[in-house]
1. Could you list A:GLU259, B:GLU84 so that the one with the fewest beta carbons within 10 Å of its beta carbon is first and the one with the most is last?
2. Would you compute, for the Cα atoms of the protein assembly as shown, the largest minus smallest coordinate along each principal axis and list the three values in descending order, in whole Å?
3. Determine the dipole magnitude for the protein assembly as shown: charges of +1 sit on the beta-carbon of Lys and Arg, -1 on that of Asp and Glu, nothing else is charged, the reference point is the Cα centre, and the result goes in debye to the nearest 20.
4. Within a Cβ distance under 9 Å of A:LEU141, other residues only, what is the Lys/Arg minus Asp/Glu net charge?
5. Taking only Cα atoms, what is the 0 to 90° angle, nearest 10, from helix A:435-446's long axis to the longest principal axis of chain A?
6. Per-residue mean of other chain beta-carbon atoms within 10 angstrom of the beta-carbon, peptide A:310-320?
7. Order by neighbour count: B:THR498, A:THR193, fewest other Cβ atoms within 10 Å first, most last.
8. Using a Förster distance of 60 angstrom, determine the FRET efficiency expected from the C-beta separation of A:ASN105 and B:SER549, and round it to 0.05.
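The numbers here are math on the coordinates, done by the rules we state, and not lab data. These numbers were taken from a predicted model, which means no experiment stands behind them. Cβ placement follows ideal geometry from the backbone for every residue including glycine, while neighbour counts extend to all protein chains displayed.
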Amino acid sequence: MATTRREFLCQSLGAFGAAMLAFERFGLLNALAQSADYKALVCIFLNGGNDSGNIVIPYDDYSTYEAARNPSGLAIPQSSLLRTGVVPRIGAEFGFHPSLTGLHNLWGQGKVAVVCNVGPLVEPTNRDAYRNRIVRVPVNLFSHSDQINQWQTSVSDGASPSGWGGRTADKIGDFNTTVFPPITSLAGTPIFTIGNIERPLAIAAAPTRLDAALRIDGFPNPPDNDPRYVEMQRLLLVDQDKTLVRGAGRVTGEALAMERALRSTGDPAVPPFPLTPRTNLGNQLEQIAKVISVRNELGMSRQIFFCSLGGFDTHSGQVTSATSPTTGTHADLLLQVSNAMKAFYDATVQLGVASQVTTFTLSDFSRTWVPNGNLGTDHAWGSHQFVMGGSVLGGEFYGVPGSNGTVFPTLAANGPDDTDEGSNARGRWIPTVAIDQYGATLASWIGVGNTDLAAVFPNIGRFGQSNLGFLA
Amino acid sequence: MKTKLSSYRPVFFLSFLLSLAFICSTARLIEAQPSSASADTVRFLEQATFGPSQSLIAHVQQVGIEAYLDEQLRAPMTDYPDLEFWPQTRPASCTGDCQRDNYTYYQLQRHFFTNALYGQDQLRQRVAFALGQILVTSQVDVPLPSWMRGYQQLLYSSAFGNFRQLLYDVTLNPTMGRFLDMLNNRCQRRTPPDVNVCRNGLTAQPNENYAREILQLFSIGTFLLNQDGTRQLDGNGNPIPTYDQKIVEEFARVFTGWILATALPGPSGIGGTVPNYRDPMRMRVSGGFEDYHDKGPKTLLNGFELPGGQSQTQELNVAIDNIAFNPNVAPFISKQLIQHLVTSNPSPAYVTRIASVFASNSNSPTQLYDVVRAILLDTEARGDFIDPATQPNYGKLREPVQSITNLLRAFEATSDGVLNSLNVGGSVFGSADMSQDVFNAPSVFSFYPPTARVPGENALGPQFGIFSSLTSLRRANFANRVIFLTIPAAPPNRPIGTSIDLAPWDPLANNPEQLIEALNQLLLHGAMSAEMGQSILTAVTSIPASPASNLRSRVRTAIYLIATSSQYQVQR
């Protein structure tokens, strides 16, 4: 029987020596996991605050949108929108930004859904309650770092040492019969990936080969009899009375162990990747697809992946010009997102796991409905997010009905969903869906039981629904 | 363009280190002697420079730490290369070296490293590097190196200066203006224009970007602080915000009306004019008045009322004063400088002492030097403050740049400074590959969040935000490449590569204990534990002393094990 992840972590918290032996019983020898029992979540974080106002646009009520965004040059022309058809839950038609062809295609196949007006909340909040200060609101609203933390931890009223991806991994790690970490990141180790028990494994994106996605140079293969390698590992065990030394040793120790695990995987091909031309997000998702393709060899039944793309903080130059609003920074980013997500979905179809992998987006916040004077937008609050996968009940909007009785916010500055008042109100929508609810829906799907849900989302009890129903 | 690589001649002070090794080593490897003057000199140089070199250790050992700090205040400033200003769109004729030097950060990044490796103004550079991670601009939105060069020069020249002046200069710097959108931030006037009426409902509003980040990141932070750096709490035990969204909007209105200075002539052979990223931004004046500026009254921090109708420059000065002399600035900036130089978890008393120096020198032209000097001479930086029994959370994880430069300086490396991005032998291990892409942080929030914790521990470790399984091994691979091989020359973009000469160390390898002790003094300021020494000794003595070529293997093995250890990656 293989060493479990929990045993490995317990060992590695104390003494690395035994843990270092874990890889001996690891990996290719371990075929216990069955592909039928496999589920993975893939988080795509859009760093900087994605302007939801220009990704999902009212088609039927286009004039409201046009009146707000055209004077500043940011309005996407109605004729260029990718039409959704009548969205069942709303009873009206919308349009995707013209860059989102891949996601629009999957929307048509029922594999993509939109979750509307999500954001950090301490408790359910509406405009009156917000303006009269009778509810607690998230710490430092409209700040990047605070809102990113809140999106990633689900805790909006104070600091949290862990994220909800990591805590979900804590709860599902025992599904796996391996020491390979349940959470893998292609974009560093943000707090989303850090659990109370689990720590993320960070690896390199494609085109780096999967079997070189973690590598240590300069040792024979296998390195076990090299005295320098042996002593390098032994040094990870000494000076444990120094906190930072201990912490660094944990990271390096796990890296050395998993380096040996990945070395044996080879470099599987996962069509339809690579994208032409290669993109930052595409390369991350390609490597994720490769890891998924060797899930049986790695002994994985449940996995969480993290990747990210920056550049969404479009305070200026969000569009090229008022006369060319469908090109520019935001259009380019959305094209990259859409193409990479579509290629990834197609890869999961090829791998036969399309219904077992759910991909979702997060972002700092949405942006002001009323733009600024630099063809840009400033920080706002509630945002729309995409969910993609074979288990997604797609072609639909999800959320919690707000001021207008639908899940979609009222698009009016100084209106019933705006934090701002007066003639210079910017339109920062107060979320109707808490991150907790969005995350809990995803975590429940991958296997976090109802009794564990409050451990992963400590404030979930404050919000009505813990499952928004967008996953089968 | 002119480039200037410091001429370099390796000077070895091995004999000095050897004498230390003899003094310190007995029949067995002995415990660290952190309080000895020589060890403290090395530790000081880890905090104050890009790494102790053998020659600099000897120098500071001779003159003393305080005299060295005096020297550093007066040391001539190293420059970045004087890059020509080119058009934003690259002319088709500019290819090859022209494209590399004027449309990539190659020369800037390379000089950052050669300055760090060989510059004499080490403290100035180290402080500028810290300031550059607090008052951040990034290639992300500053595509041309000539545009970034002026900002980095400003940080060099301001590193020992006055903080209020720095904040003012940064605010009007065109690179910052571009990066955080104060450049061209404007109010939208009604038609016909009314001098005093600016905002106009649904048409565009002032840009909030610079207003928010100057408050959140460059000066006061989001919560009211005590002078010891801890948060003030209200009656319910909750932290108290320093500002709200309304204040951000008010500052956004202050920061309207600035545009680039008059265009500069284009480069020779190209002609025309190019955007002026050399001079401070200027007011836009049209029709006889500052037509982009919002002249209405505004309410700033602490309820300060800015009456309407003042000139744009007047308003800016008052607003910068309103920010820079806020009581939060001293603990907010002081604590971060301590964290960048000395330790991630300074005691409240340490922060108080430094904040006091910051505040009492707020009008001094050498305020930041005074602050840095106090940080480095504090009892929490010097002497015996490193006992793990009483100070387990002491120290800081070296960031990638320092991981690289400390190793190279320790062995007086020969390097072309091409160290930011490296791909050699199918392995990548430059600073950028370790998540610290110099001058190209992912955002104004820099490379790592100040709130990042040490994995599995209840202690702050900001640099752990970019220390992962992936980057940890890349640090080791950099060490492997430099210690066992070289980063080979590969002209034109890697003219001489990077190498260290270990020949002077070979004789010492006949006596592994002396070898290890000399390395302990050089790399770990004598703080190596007996257990660590024993482990390294085991690996070194597994290599027979003969033939003579084995001596080098012993040296390399010992250096590799120290350089890749957590004990070395953590500056403590």
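1. The order, fewest Cβ neighbours first, is B:GLU84, A:GLU259.
2. 85, 72, 66
3. With Lys and Arg at +1 and Asp and Glu at -1, about 900 debye.
4. Working: positive: A:ARG428; negative: A:ASP146, B:ASP244.
Counting the neighbours of A:LEU141, the net charge comes to -1.
5. Between helix and principal axis, roughly 50 degrees.
6. The mean count of partner-chain Cβ atoms within 10 Å per residue comes to 3.
7. In order of increasing Cβ crowding within 10 Å: B:THR498, A:THR193.
8. Calculated transfer efficiency: 0.40.
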